[in-house]
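Before any comments, here is the structure.
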Amino acid sequence: MRLSELAERLGCALRGDGGVEISGVAGMEHAAAGQITFLANPKYAHKVKSSRASAIIVHESAGDVGLPALLSSNPYLDFAHALEQFYQPPRPAPGIHPAAVIHETSSAGEGASIGAYAVIGPNVRIGARAVIHPHVVIYEGCEIGDDFLAHSGVSVREGVKIGNRVILQNNVVIGADGYGFARLADGSHYKIVQSGPVVIGDDVEVQSMSNVDRATVGETRVREGAKIDSMVQIGHACDVGERALICSQTGLAGSTILKKDVLLAGQVGVSGHLTINDKAVIYAQSGIGGDVEAGAVMSGSPAFDAAAWRRSVAAFPRLPEMVKAMRQLEKRLAALESEAIKEE
């Protein structure tokens, strides 16, 4: 495809030779001749000179970078759109594989594809154009919207409700029992029935080996547009807000509430029964033990304001030196006080 054609498809302005042939897309450090790359963060602009790419997607305000360029208001988004021009994941043809097991009371909408050894229990309703890969299991009473995509190993437990355009990557579990036990007099633990379903909103993606647990009572909810990375644990009765981003190895204890546009970086631990308010950002490996204000940026364990945390981390290696200096000052002060007493 010529660069001028790609510019037209993406709706980007073209600067430079539009006749350059583009055969694929790659990151700046790995791009080869014939490929287009992108620059979304100006701090990496120095890498453009050493890139072997034939063209680049840059912000519309960028100056000449020495390559034919597509000018974009959002280079990272247009990079994603460019990828779609050269690669689309394989999609199985519509139809039900003979080795799939579907209960007679269940149904899937027009254009659905259901793979071998998928098992769909009683009273399940699945919308149009679903793709259910082999070895997916959907329990009784689930309601699933249009354009559902479930990769192999996915388990959707009883009574789960899933919206439109939801993607579940390999080995995701939606609606497993929450972690609830009552302690008996002899010290043993009595399992509490987990009666509340999971509700997943439209345009949610849950990536590999993550769990969203059902609630003891009420429901666990993941709202529209939330994106959950691999190996994330969402505890019972949590409420994950619209467009929340939850990165790998994060854990939410039961009844945690995330409001809109919250970002939790990797390995964040959140204790239960608290609220993280709109647009809060929590840095990686932080521990959250209380409510977080809207727009806060926090880090550390226990977490506190990220700017103060950075100053504290910078000071930490100097603590022995600072303690030594403080003790020397204390000795000098004590000596001065002693001399003052003698003079009196």
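Could you list, in sequence order, the residues of the range 1-53 that are assigned to a helix (DSSP H, G or I), among the polar types (S, T, N, Q) and within 25 Å of residue 88 (Cβ to Cβ)?
Going residue by residue through the range 1-53, those that are assigned to a helix (DSSP H, G or I) are 3-10, 42-50.
From what is left, the residues that are among the polar types (S, T, N, Q) are 4, 50.
Residue satisfying the conditions is 4 alone.
If only one of 69, 100, 112 is closer than 30 Å to residue 28 by Cα, surrounded by 14 or more Cβ atoms within 10 Å (Cβ to Cβ) and either out of contact with any helix residue (DSSP H, G or I) (no Cβ under 8 Å at 6 or more places or on another chain) or in contact (Cβ under 8 Å) with a residue 12 or more places away in the chain (or both), which one is it?
Going through 69, 100, 112 in turn, the sole match is 69.
For the range 220-233, which positions are part of a strand (DSSP E or B) and either at positive phi or crowded, with 22+ Cβ neighbours inside 10 Å (or both)?
Once the filter is applied, which keeps residues that are part of a strand (DSSP E or B) and either at positive phi or crowded, with 22+ Cβ neighbours inside 10 Å (or both), the range 220-233 yields 220, 221, 222, 228.
Does any residue of the range 167-180 turn out to be under 19 Å from residue 94 (Cβ atoms) and surrounded by fewer than 22 Cβ atoms within 10 Å (Cβ to Cβ)?
Yes, the range 167-180 contains at least one residue that is under 19 Å from residue 94 (Cβ atoms) and surrounded by fewer than 22 Cβ atoms within 10 Å (Cβ to Cβ).
Taking the condition over 19 Å from residue 223 (Cα atoms), surrounded by fewer than 18 Cβ atoms within 10 Å (Cβ to Cβ), modelled with pLDDT under 95 and of a type in the set (D, E, K, R), does residue 330 pass? Quick ask: steps written out before the conclusion?
Numbers: over 19 Å from residue 223 (Cα atoms): yes; surrounded by fewer than 18 Cβ atoms within 10 Å (Cβ to Cβ): yes; modelled with pLDDT under 95: yes; of a type in the set (D, E, K, R): yes.
Yes.
State all residues of the range 278-313 that are surrounded by fewer than 18 Cβ atoms within 10 Å (Cβ to Cβ), polar (S, T, N, Q) and more than 16 Å from residue 229 (Cα to Cα); if no residue qualifies, say none.
Once the filter is applied, which keeps residues that are surrounded by fewer than 18 Cβ atoms within 10 Å (Cβ to Cβ), polar (S, T, N, Q) and more than 16 Å from residue 229 (Cα to Cα), the range 278-313 yields 301, 312.
For the range 82-102: of the residues being under 21 Å from residue 202 (Cβ atoms) and not basic (Lys, Arg), which is modelled with the highest pLDDT?
Selected residue: 84.
Search the range 54-77 for residues being assigned to a strand (DSSP E or B) and touching an Asp or Glu at 6+ places or on another chain (Cβ under 9 Å), and hand back the single one that is farthest from residue 9 (Cα to Cα).
55
Can you tell me which residue within the range 72-97, out of those that are farther than 30 Å from residue 45 by Cα and not small (Gly, Ala, Ser), is surrounded by the fewest Cβ atoms within 10 Å (Cβ to Cβ)?
Taking the candidates together, the pick is 90.
Could you list, in sequence order, the residues of the range 263-282 that are under 16 Å from the mean Cα position of the chain (by Cα), part of a loop (DSSP other than H, G, I, E, B) and free of Cβ contacts under 8 Å to residues at least 24 places away in the same chain?
Result: 265, 267, 268, 279, 280.
Output the number of the condition that residue 236 fails; it satisfies all remaining conditions of (1) surrounded by fewer than 16 Cβ atoms within 10 Å (Cβ to Cβ); (2) within 17 Å of residue 213 (Cα to Cα).
Result: residue 236 fails condition (1) only.
Among the residues of the range 284-320, write down those that are part of a loop (DSSP other than H, G, I, E, B) and in contact with a Leu (Cβ under 8 Å, 6 or more places away or on another chain). Can you show your working first?
Of all residues in the range 284-320, those part of a loop (DSSP other than H, G, I, E, B) come to 284-286, 289-291, 293-296, 300-303.
Listed by number, the residues that qualify are 289, 290, 291.
Which residues, taken from the range 49-66, are surrounded by 12 or more Cβ atoms within 10 Å (Cβ to Cβ), out of contact with any Leu (no Cβ under 6 Å at 6 or more places or on another chain) and either aliphatic (A, V, I, L, M) or closer than 21 Å to residue 2 by Cβ (or both)?
Keep residues of the range 49-66 that are surrounded by 12 or more Cβ atoms within 10 Å (Cβ to Cβ), which gives 51-60, 62, 65.
Filter again for out of contact with any Leu (no Cβ under 6 Å at 6 or more places or on another chain), leaving 51-54, 59, 62, 65.
Those that are surrounded by 12 or more Cβ atoms within 10 Å (Cβ to Cβ), out of contact with any Leu (no Cβ under 6 Å at 6 or more places or on another chain) and either aliphatic (A, V, I, L, M) or closer than 21 Å to residue 2 by Cβ (or both): 51, 52, 53, 54, 62, 65.
Inside the range 239-252, can you point out the residues that are crowded, with 20+ Cβ neighbours inside 10 Å and either of a type in the set (Ser, Thr, Tyr) or at positive phi (or both)?
Within the range 239-252, 250 is the sole residue that qualifies.
Under the condition of being modelled with pLDDT of 95 or more and over 15 Å from residue 81 (Cβ atoms), which residue from the range 34-51 is farthest from the chain's Cα centre (by Cα)?
Step by step, filter the range 34-51, then rank; the result is 34.
Which one of the conditions (1) on the phi < 0 side of the Ramachandran plot; (2) under 16 Å from the mean Cα position of the chain (by Cα); (3) of a type in the set (A, V, I, L, M) does residue 297 fail to meet, given that it meets all the rest?
Of the numbered conditions (1) on the phi < 0 side of the Ramachandran plot; (2) under 16 Å from the mean Cα position of the chain (by Cα); (3) of a type in the set (A, V, I, L, M), the odd one out for residue 297 is (2).
Give the residue that is farthest from residue 143 (Cα to Cα), with candidates limited to residues of the range 200-243 that are β-branched (Val, Ile, Thr) and under 13 Å from the mean Cα position of the chain (by Cα).
It comes out as 232.
Whether any residue in the range 103-123 is assigned to a loop (DSSP other than H, G, I, E, B) and at pLDDT below 95 is what I want to check.
There is no residue in the range 103-123 that is assigned to a loop (DSSP other than H, G, I, E, B) and at pLDDT below 95.
The values are calculated or read from the model by the stated rules, or taken from the named source; none is laboratory data. Given the structure is predicted, the values throughout are model-derived calculations rather than measurements. No Cβ is skipped: glycine too gets one built from the backbone with ideal geometry, and neighbour counts run over all protein chains shown.
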